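**Q** Would you mind keeping the following structure in view while I ask a few things?
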Amino acid sequence: MTSVRPEGLLHVVRPGALTTVQDAGRPGWAHLGVGRAGALDAPAARLANRLVGNAPGAALLETTVTGCAVRPDRPVVAVVGGAGCRVSVDGRPVAWGAPVRVPAGAVLDVGPAVDGVRGYLAFAGGLVPEPVLGSRSADLLSGLGPAALRAGDTLPLGQPAGEPPDGEGPTPWPGAPAELVLPLHPGPRHTWFTPAALRTLTTADYRVSPHSNRIGLRTEGPALERARDGELPSEGMVLGAVQVPPDGRPVVFLNDHPTTGGYPVVGVVAETALAGAAQAVPGTRVRFVVRA
């Protein structure tokens with residue numbers, strides 16, 4: 001990915017609790033200790049980009065719970081999707097989940113999430129901060145990419161490829177899961193746990209912890225009993241790995257996860273199921289379902 005000459009600036013008026021620049025991430029660098037990063041709810045990010053006429057992996061904003069507010073210095077078409085929320089332009093309500101035209105100097109305000117956790121704010125032309133290792137994504141664990149937004153920051157806007165597509169009609173956006181079902185492939189360290197612990201993992205009532213973040217979805221529920229003591233030497237970790245720290249409660253690694261770790265991994269969740277993890281609010285029931 002090469003540098004792109006900006007065609008305007010996006011001014012941050014209200015950064016929200018955690019708003020970051022994300023794209024499709026930077027896979028392929030784990031052997032150098034660099035994680036993937038990228039939008040946690042990848043389908044929502046791709047859909048938001050499609051609705052403004054961008055490539056699927058164009059950089060956009062990912063908000064967390066409280067939304068954000070931004071002001072472009074040129075007219076721009078934008079879409080707010082992902083977590084449901086109220087959206088306004090200079091205080092006037094506009095559509096959520098559909099393209100809206102934002103005049104130069106107007107404030108686009110993305111309100112707090114009312115359904116889900118993470119919102120996606122795409123702009124025609126995308127955001128074009130300087131790429132790092134082929135991606136513009138912020139990685140909160142490594143510190144690569146743009147920092148999390150702060151009031152007064154500016155971000156460069158790219159040149160739109162053309163008019164956004166229209167005539168699609170209402171766009172179906174998936175809501176936050178009422179129950180998070182995570183298909184689990186056992187291993188590589190499931191033998192470090194007792195048979196009773198493995199039954200507990202697939203039958204107990206786990207819930208999403210409010211301490212979850214972009215690194216991992218933490219769970220609340222019964223601890224998994226170990227069959228052996230001691231710890232592993234650090235070994236490679238993958239997206240979706242279910243690591244069990246000393247408290248015994250499973251953690252599902254998400255996009256900003258470390259590339260190595262020393263706690264045993266009881267299984268790995270299929271990547272296709274992780275979009276739901278991005279939108280599951282604290283307290284959502286989590287059910288692990290074993291896949292051979």
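The values are calculated or read from the model by the stated rules, or taken from the named source; none is laboratory data. The structure displayed is predicted, hence computed values, not measured ones. Note that each Cβ is placed from the backbone with ideal geometry, even for glycine, and that neighbours are counted across all protein chains shown. When the accessible area is computed, the model is the full protein with side chains, heavy atoms only, and any ligands, DNA or RNA have been set aside. Shrake-Rupley method; radii C 1.70, N 1.55, O 1.52, S 1.80 Å.
**Q** Here are some residues: ARG46, ARG26, ARG74. Which one is open to solvent by 70 Å² or more (accessible area, probe 1.4 Å) and not hydrophobic (A, V, I, L, M, F, W, C)?
**A** On the way: ARG26 fails: open to solvent by 70 Å² or more (accessible area, probe 1.4 Å); ARG74 fails: open to solvent by 70 Å² or more (accessible area, probe 1.4 Å).
Matching residue, one of ARG46, ARG26, ARG74: ARG46.
**Q** For the stretch 145-182, which residues satisfy the criterion of being of a type outside the set (Asp, Glu) and in contact with a Ser or Thr (Cβ under 8 Å, 6 or more places away or on another chain)? Write out each step before concluding.
**A** The initial filter retains those residues of the stretch 145-182 that are of a type outside the set (Asp, Glu), namely 145-152, 154-162, 164-165, 167, 169-178, 180-182.
Passing the criteria: GLY145, PRO146, ALA148, LEU149, ALA176, PRO177, ALA178, LEU180.
**Q** Residues VAL289, VAL281, VAL268: which one is surrounded by 15 or more Cβ atoms within 10 Å (Cβ to Cβ), assigned to a strand (DSSP E or B) and β-branched (Val, Ile, Thr)? Step through it out loud before you land on a result.
**A** Working: VAL289 fails: surrounded by 15 or more Cβ atoms within 10 Å (Cβ to Cβ); VAL281 fails: assigned to a strand (DSSP E or B).
Going through VAL289, VAL281, VAL268 in turn, just one is surrounded by 15 or more Cβ atoms within 10 Å (Cβ to Cβ), assigned to a strand (DSSP E or B) and β-branched (Val, Ile, Thr): VAL268.
**Q** Please indicate, with yes or no, whether at least one residue in the stretch 226-240 is touching a residue at least 12 places away in the same chain (Cβ under 8 Å), buried (at least 23 other Cβ atoms within 10 Å of the Cβ) and not polar (S, T, N, Q). I'd like the intermediate steps shown before the answer.
**A** Step one: list which residues in the stretch 226-240 are touching a residue at least 12 places away in the same chain (Cβ under 8 Å), which gives 226-228, 231-240.
Now narrow it down to the ones that are buried (at least 23 other Cβ atoms within 10 Å of the Cβ): 240.
From what's left, not polar (S, T, N, Q): 240.
Taking every residue of the stretch 226-240 in turn, at least one turns out to be touching a residue at least 12 places away in the same chain (Cβ under 8 Å), buried (at least 23 other Cβ atoms within 10 Å of the Cβ) and not polar (S, T, N, Q).
**Q** I'm told PRO222 meets every condition in (1) at pLDDT below 95; (2) out of contact with any Phe, Trp or Tyr (no Cβ under 7 Å at 6 or more places or on another chain) except one. Can you identify the failing condition by its number?
**A** All conditions are met except number (1).
**Q** I've got another one for you. Would you mention how many residues in the stretch 156-184 are open to solvent by 40 Å² or more (accessible area, probe 1.4 Å) and at pLDDT 95 or above?
**A** 3
**Q** I'd like to know if the stretch 200-207 contains one or more residues that are in contact (Cβ under 8 Å) with a residue 40 or more places away in the chain, closer than 25 Å to GLY84 by Cβ and over 18 Å from the mean Cα position of the chain (by Cα). Please lay out each step first, then the result.
**A** Taking the stretch 200-207 and keeping what is in contact (Cβ under 8 Å) with a residue 40 or more places away in the chain, we get 201-202, 205-207.
Filter once more, so that each one left must be closer than 25 Å to GLY84 by Cβ: 206-207.
Filter once more, so that each one left must be over 18 Å from the mean Cα position of the chain (by Cα): 206-207.
Within the stretch 200-207, one or more residues are in contact (Cβ under 8 Å) with a residue 40 or more places away in the chain, closer than 25 Å to GLY84 by Cβ and over 18 Å from the mean Cα position of the chain (by Cα).
**Q** Now for a separate question. Determine, yes or no, whether GLY216 is within 24 Å of the chain's Cα centre (by Cα) and either open to solvent by less than 20 Å² (accessible area, probe 1.4 Å) or assigned by the TED database to the domain that holds ASP23 (or both). Write out each step before concluding.
**A** On the way: within 24 Å of the chain's Cα centre (by Cα): yes; either open to solvent by less than 20 Å² (accessible area, probe 1.4 Å) or assigned by the TED database to the domain that holds ASP23 (or both): yes.
Against the criterion (within 24 Å of the chain's Cα centre (by Cα) and either open to solvent by less than 20 Å² (accessible area, probe 1.4 Å) or assigned by the TED database to the domain that holds ASP23 (or both)), GLY216 qualifies.
**Q** (1) open to solvent by 60 Å² or more (accessible area, probe 1.4 Å); (2) among the aromatic types (Phe, Trp, Tyr); (3) within 14 Å of the chain's Cα centre (by Cα): which one isn't true of TYR120, the others all being true?
**A** TYR120 satisfies all of (1) open to solvent by 60 Å² or more (accessible area, probe 1.4 Å); (2) among the aromatic types (Phe, Trp, Tyr); (3) within 14 Å of the chain's Cα centre (by Cα) except (1).
Each row is one residue, and each column tells you yes or no for (1) modelled with pLDDT of 95 or more; (2) within 25 Å of GLY240 (Cβ to Cβ).
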residue: GLU7; (1), (2): no, no
residue: HIS11; (1), (2): yes, no
residue: ALA37; (1), (2): yes, yes
residue: ASP41; (1), (2): yes, yes
residue: ALA44; (1), (2): yes, yes
residue: LEU47; (1), (2): yes, yes
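**Q** Would you check if GLY81 is under 21 Å from PRO160 (Cα atoms) and not in a loop (DSSP other than H, G, I, E, B)? Spell out how you get there, then give the answer.
**A** Numbers: under 21 Å from PRO160 (Cα atoms): yes; not in a loop (DSSP other than H, G, I, E, B): yes.
Answer is yes for this residue.
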